[in-house]
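Contents: one structure, followed by commentary.
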Amino acid sequence: MIEPVVSREVPVAPPPPYLAALNEGQRRAVEAIDGPVLVLAGAGTGKTRVLTTRLAHILATRRACPAELLAVTFTNKAAREMRERLEAMIGRAADGLWLGTFHAIAARILRRHAEAVGLKSSFTILDSDDQIRLLKQILAAENIDERRWPARALLAVIERWKDRGLPPAKVPPGESEGLAEGRVIEIYRHYQERLATVNAVDFGDLLLHNLTLFTEHPDILAEYHRRFRYLLVDEYQDTNVAQYLWLRLLAQARRNLCCVGDDDQSIYSWRGAEIGNILRFETDFPGARIIRLEQNYRSTARILGTAAGMIAHNSGRLGKTLWTDAGEGDKLIVRGLWDADEEARWVGDEIEALQRRGHPLREIAILMRAGFQTREFEERFIALALPYRVIGGPRFYERQEIRDALAYLRLVAQPADDLAFERILNTPRRGIGGATLQQLHAVAREQRLPLVEAARELIRGDRLRPASRNALAGFIAALDRWRAEAGRVGHTDLVQVVLDESGYTAMWQADRSPDAAGRLENLKELVVAMAEFENLAGFLEHVSLVMDNAADTAGDMVNLMTLHSAKGLEFDTVFLPGWEDGLFPSQRALDEGGLAALEEERRLAYVGLTRARRRGYVSFAANRRIHGQWQSAVRSRFVDELPPEHIEFVAEPGLDVRNSGFAVGGWPGASEPKPMAAGRSWAERRIPLVTASAPAPRRGIEVRRVGGFAVGDRVFHQKFGYGDVLAVDDNKLAIRFEHAGDKNVLDAYVEHA
């Protein structure tokens, strides 16, 4: 007798624990193992979990062993975090896994094959100081004036070429025009030859030499094709051209490349990042799958809706819609204020109110477009005894350029200040070297004199070489002249005279490194800070007290940082001050990059908004003192792009913003804030304010405004085209035109662009 077949249900095995914790989008990203995959991970959607779980899944399914996996990050911190999470997930050490930064992995490969590019495996990786020292030697040998073409500026040009994967032989000839007498490519070639001679590389060379290995030695590339079964890349939107070429070469055989990134958070073009890498992914890797992570675990629905509405104005994006289960939350507060000081006071009051309700200060961040903005908040927080820390950079009065300027002022006020004397004796360079300084110290010890008086003794004798004696005499004469000037002019005028005549301002103006413009902005902000004090002595005493308060940076403190420094961080409450056109979006960025720069500035605003978990504040001022003059401000076009249904739009009492921009009416006026109409077009937001003019500076850092033109103004000339004002002398303007070069013209022949 045949037994009937009994149907039995086979129990379905539960998913592995590491998959059970994922949402639907995350799980699809983890399980899409083979072929090219782009994971568009929106802000706060758990991309690190996806990356580590994907690695664990590949290992658990035995598709590869650790030594066959390559995972690339941008920071050592991210690499450490990923390794720790992976090992906790798989319960053992991930020995053999190739996990690290682009540069760390490239260095590892280069050391194994150094001979193929003319190096030894023991090569040295130079830091920036060594790079500049080497480049200065080359400039001297080539008779290039280093004062006119600073080594730091030329190094920045060379580094950008390396970011694009261009050795000297591949740099387009036209890109060297106007740089170092047209010889910058030749200098680049000599620099590379010198590096090879001393068996050294810089950071850009690590990837550049890897590209040479892979393109000129097919056997080496084939070795890594066999080795790496799967490649994973974090923060793909931040890759530069060299990194993109490197990844593409490694992935071209198996095509198992998974890139995780967010096109809406690409904010580093100024250091070589190319957003086109992520936007072209489907074209570069035909058949690629695009998986969007859209469930946000960080922010409320209001914050996400605000950020999404604004970033939707960008055309260069792949698009996604973030959502959350965290609830609707509070509306974003958008506040219009009278000036920057009022803005700082308002932020301080709001923080104190939050603190009284038990809000930890460490969960509050103030995110600014420019570093110089921190000064007003630092001053206010010190007055309130509100503890704070500056992340990603020094506090305002601790910055190099501010310390240098203060050293000049201290020496003018107190001639016996030897520490200040030493700091600025050869800053900028005057040909006063270490040997001269040693002799100064010897005379000072022998005769018990301050260094200034020791310098006078040396000038009168013949112990110094003529060149050193003349340089020292010129410096002492300048100090005497500035002290005499201090008795005749105000302290804000004095600092401009000192920094101008000393050559300090010109030093930073000639510096073409990316941070030079920010240093000049900080010097301008220093002049603004000094204007709040009656005299130089009072200001210097204030700075001493500020520095004394800056000792402790641990504990529960408000976080101050630039928007670029905030990438990857999150806070319960975020303040976003200074949303005014020209400041944010940055006018300099728009002038240099046009529409592409505007879209990157908008992405930067998006990054700022999405740092907030529970509440956000945006503020802008109707007046801001820029370069020492009160100027009317125009609220940022980004403000008008914020969806009105997600924001609460208010203004200071007396600032009526219901019609066109601000109108001065009864200031300080009404006791209740008036609602501000959102959504007005950018052209309608001009602010017709009567400005309170500060005394016009005479020269130097602060802009001198004559006949309506000022240093930094964008102008147009019928013959020469567009340009930027470099200097103002009565009705004569020195202008750097885009195509005609530097010209001196009368102000009657140009107009504001």
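The values are calculated or read from the model by the stated rules, or taken from the named source; none is laboratory data. Only a predicted model underlies this, so the values are computations on that prediction, with no experimental measurement involved. Glycine also receives a Cβ, built like all others from the backbone with ideal geometry; neighbour counts cover every protein chain displayed. To get the accessible areas, we keep the full protein, side chains included, count just its heavy atoms, and leave off ligands, DNA and RNA. Shrake-Rupley method; radii C 1.70, N 1.55, O 1.52, S 1.80 Å.
For the stretch 144-292, with all protein chains in place and a probe radius of 1.4 Å, 49% of the accessible heavy-atom surface sits on carbon or sulfur. Applying a DSSP loop filter and a limit of 11 other Cβ atoms within 10 Å to the trypsin sites (Lys or Arg not before Pro) in the stretch 434-537 leaves Arg448, Arg488. Positive end of the dipole of the chain (Cβ unit charges, origin at the Cα centre): among Trp246, Pro644, Tyr191, the Cα lying farthest that way belongs to Trp246. Annotation: amide H of Ala622 within the under-5 Å range of Leu337, Trp338, Asp339, sequence separation 5 or more or interchain, hydrogens built in the peptide plane. Ignoring lysines fewer than eight residues from Lys743 along the same chain, the ones with Cα atoms less than 16 angstrom from its Cα are Lys719, Lys732.
Within the chain, the proportion of Cα pairs with more than 42 Å between them is 39 percent. Could you name the lysines in cross-link range of Lys170, using Cα to Cα under 21 Å and dropping any fewer than eight places away on the same chain? Leaving aside lysines fewer than 8 places away in the same chain, those within reach of Lys170 are Lys162.
Taken as Cα centroids, the stretch 129-181 and the stretch 561-596 sit 30 Å apart, rounded to the nearest whole angstrom.
Of all lysines in the structure, those lying under 30 Å Cα to Cα from Lys320, and not within fewer than 8 positions of it along the same chain, are Lys47, Lys77, Lys331, Lys567. Take the chain with all the other protein chains still there, run a 1.4 Å probe, and you get 44 Å² of accessible area per residue.
Computed over protein heavy atoms with a 1.4 Å probe, the carbon and sulfur contribution to the accessible area of the stretch 335-484 reaches 47%.
Grab the Cα-Cα distance for Leu384 and Ala416, subtract it from 0.36 nm times how many residues apart they are, and report the gain in nm with one decimal. Write out the running numbers ahead of the final one.
On the way: separation 32, 0.36 × 32 = 11.52 nm, distance 3.42 nm.
This chain segment gains 8.1 nm when fully extended.
Heavy atoms of the protein only, probe of 1.4 Å, neighbouring chains included. What is the accessible area of Lys77 in Å², nearest 10? Probe radius 1.4 Å; accessible area of Lys77 about 140 Å². Note on the stretch 567-649: with neighbouring protein chains present and a 1.4 Å probe, carbon and sulfur make up 49 percent of its accessible heavy-atom surface. Put the Cα centre of the stretch 372-419 next to the Cα centre of the stretch 422-446 and the gap is 25 Å.
With respect to the chain, whose longest principal axis is taken over its alpha-carbon atoms, helix 466-486 is tilted by about 80°.
In loop segments of the stretch 303-366 as defined by DSSP, the GluC sites (Glu not before Pro) with at most 15 further C-beta atoms inside 10 Å of their C-beta are Glu328.
In the stretch 122-224, taking the dipole from charged Cβ atoms about the Cα centre, the farthest positive-side position among Pro150, Asn210, Leu126 is held by Pro150. Compared with the dominant principal axis of the Cα atoms in the chain, helix 451-460 is inclined by about 60°. In a reduced charge model with +1 at each Lys and Arg Cβ and -1 at each Asp and Glu Cβ, the chain shows a dipole moment near 1400 debye about its Cα centre. Of interest is the spacing of the C-alpha centroids, which for the stretch 503-532 and the stretch 327-354 amounts to 29 Å.
Rounded to the nearest 10 degrees, the angle from helix 340-356 to the longest Cα principal axis of the chain is 50 degrees.
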